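The structure appears below as structure tokens.
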């Protein structure tokens with residue numbers, strides 16, 4: 001027994017050197033990628049990488065005493081996307097490490113060529129994460145990841161946080177991660193919507209360290225329109241208002257601000273607003289005997305009054321109801337504008353195909369053969385009910401109260 005125990009202990013001791021991180025890579029051997037950009041230029045793919053400069057972000061003040069830039073951007077190009085990525089190892093002294101990559105920006109020209117290859121790469125690369133957020137740029141994608149953002153040390157991380165804040169506070173643009181895009185493009189509709197990332201102001205204002213030394217900058221990175229992709233290629237664009245309608249149509253609204261006017265006239269200025277705090281849409285498809293498709297959308301929403309410039313006194317139930325109806329009509333108008341835009345593009349980014357697949361699985365087998373055409377012919381019936389759950393300290397606007405105080 002003792003002999004067996006001794007043999008076992010010896011074996012364990014001999015195995016100790018084998019334990020450890022066999023695939024360990026030293027920090028000074030890798031280049032940490034925090035953002036990636038993809039361009040199509042002069043018949044070639046151009047892949048750009050935003051690399052962290054460790055020495056520049058190590059100080060407590062957010063930059064090194066030497067004033068080094070926190071990141072460096074370099075590019076590789078090739079006739080194929082894979083070749084462009086592969087050439088990085090011959091042009092970079094360190095091995096690129098993608099586990100901390102936060103975002104990927106794709107130019108409009110590249111998106112028109114198709115994003116299937118980059119999705120394929122993310123599916124196969126063990127370092128890459130499916131939580132990476134994707135954006136589309138109308139100009140060069142590289143320009144976006146060259147920008148330095150005040151407050152944050154690493155621009156790629158800052159942009160990732162920007163889209164998270166947007167998704168939580170104002171449901172105009174969802175966080176379109178690689179995983180979510182794969183779900184959309186492999187689903188029944190095989191379409192998706194991806195936010196545009198853009199620079200508002202001077203492009204030169206954010207790509208210099210001087211932008212981090214001022215109290216205000218002449219430019220900022222923000223979201224623009226919504227890119228619509230069908231299959232894996234860019235099909236067109238939706239405006240911000242149309243993008244908001246997409247969120248209502250696809251039942252993804254969490255929190256959004258709705259401006260409205262006092263008269264119900266669509267041409268009148270929308271100087272009042274509410275914030276929607278709770279919303280839900282019941283979506284029900286119906287296949288009619290003559291082959292037409294109807295989609296019933298029953299929306300229920302409630303919210304809080306943010307700004308009120310109307311002369312009506314909300315203490316009056318009739319005035320309160322009229323205000324709620326105006327807000328409901330505003331929501332319906334957004335939904336219809338969005339529907340007209342996506343039906344014109346013949347692109348199902350609102351998930352109607354998935355609904356029909358679940359409700360009419362047998363009929364879907366035939367419809368999916370030419371779904372884009374069938375989708376554009378859908379007849380939507382939209383019904384919106386809105387309820388004001390909080391109006392604040394007063395039932396009237398400030399000027400009305402002030403006028404009453406003077407009389």
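Observations, loosely collected:
Residues are listed down the side, and each one gets a yes or a no for (1) assigned to a strand (DSSP E or B); (2) at pLDDT below 95; (3) surrounded by fewer than 21 Cβ atoms within 10 Å (Cβ to Cβ); (4) assigned by TED's automatic domain parsing to the domain that holds residue 388:
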{"position": "181", "(1), (2), (3), (4)": "no, no, no, no"}
{"position": "188", "(1), (2), (3), (4)": "no, yes, yes, no"}
{"position": "192", "(1), (2), (3), (4)": "yes, no, no, no"}
{"position": "200", "(1), (2), (3), (4)": "yes, yes, yes, no"}
{"position": "207", "(1), (2), (3), (4)": "no, yes, yes, no"}
{"position": "217", "(1), (2), (3), (4)": "no, yes, yes, no"}
{"position": "221", "(1), (2), (3), (4)": "yes, yes, yes, no"}
{"position": "244", "(1), (2), (3), (4)": "no, yes, no, yes"}
{"position": "252", "(1), (2), (3), (4)": "no, yes, yes, yes"}
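- The residue that is modelled with the lowest pLDDT, counting only those in the stretch 78-98 that are farther than 12 Å from residue 38 by Cα and in contact with a helix residue (DSSP H, G or I) (Cβ under 7 Å, 6 or more places away or on another chain), is 94.
- In a residue-by-residue description of the stretch 157-173, the property of being touching a helix residue (DSSP H, G or I) at 6+ places or on another chain (Cβ under 6 Å) and either closer than 18 Å to residue 234 by Cβ or buried (at least 22 other Cβ atoms within 10 Å of the Cβ) (or both) applies to at least one position.
- Qualifying residue in the stretch 337-344 (condition: within 21 Å of residue 254 (Cβ to Cβ), part of a strand (DSSP E or B) and in contact with a strand residue (DSSP E or B) (Cβ under 7 Å, 6 or more places away or on another chain)): no
- Meets criteria (touching a residue at least 40 places away in the same chain (Cβ under 8 Å) and on the phi > 0 side of the Ramachandran plot) for residue 351: yes
Here is a yes/no grid of residues against (1) at pLDDT below 95; (2) in a helix (DSSP H, G or I); (3) more than 28 Å from residue 302 (Cα to Cα):
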residue	(1), (2), (3)
326	yes, yes, no
335	no, yes, no
350	no, no, no
355	no, yes, no
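- Residue that is surrounded by the fewest Cβ atoms within 10 Å (Cβ to Cβ), among those in the stretch 99-132 that are in a loop (DSSP other than H, G, I, E, B) and either modelled with pLDDT under 85 or out of contact with any helix residue (DSSP H, G or I) (no Cβ under 9 Å at 6 or more places or on another chain) (or both): 126
- Qualifying residue in the stretch 159-167 (condition: outside any helix (DSSP H, G or I) and out of contact with any strand residue (DSSP E or B) (no Cβ under 8 Å at 6 or more places or on another chain)): no
- Failed condition for residue 174, given (1) closer than 24 Å to residue 356 by Cα; (2) within 14 Å of the chain's Cα centre (by Cα); (3) at pLDDT 90 or above: (3)
- Considering only residues in the stretch 282-312 that are exposed (fewer than 15 other Cβ atoms within 10 Å of the Cβ) and out of contact with any strand residue (DSSP E or B) (no Cβ under 8 Å at 6 or more places or on another chain), the one that is nearest to residue 245 (Cα to Cα) turns out to be 291.
The values are calculated or read from the model by the stated rules, or taken from the named source; none is laboratory data. Please read all numbers here as calculations on a predicted model, not as lab measurements. No Cβ is skipped: glycine too gets one built from the backbone with ideal geometry, and neighbour counts run over all protein chains shown.
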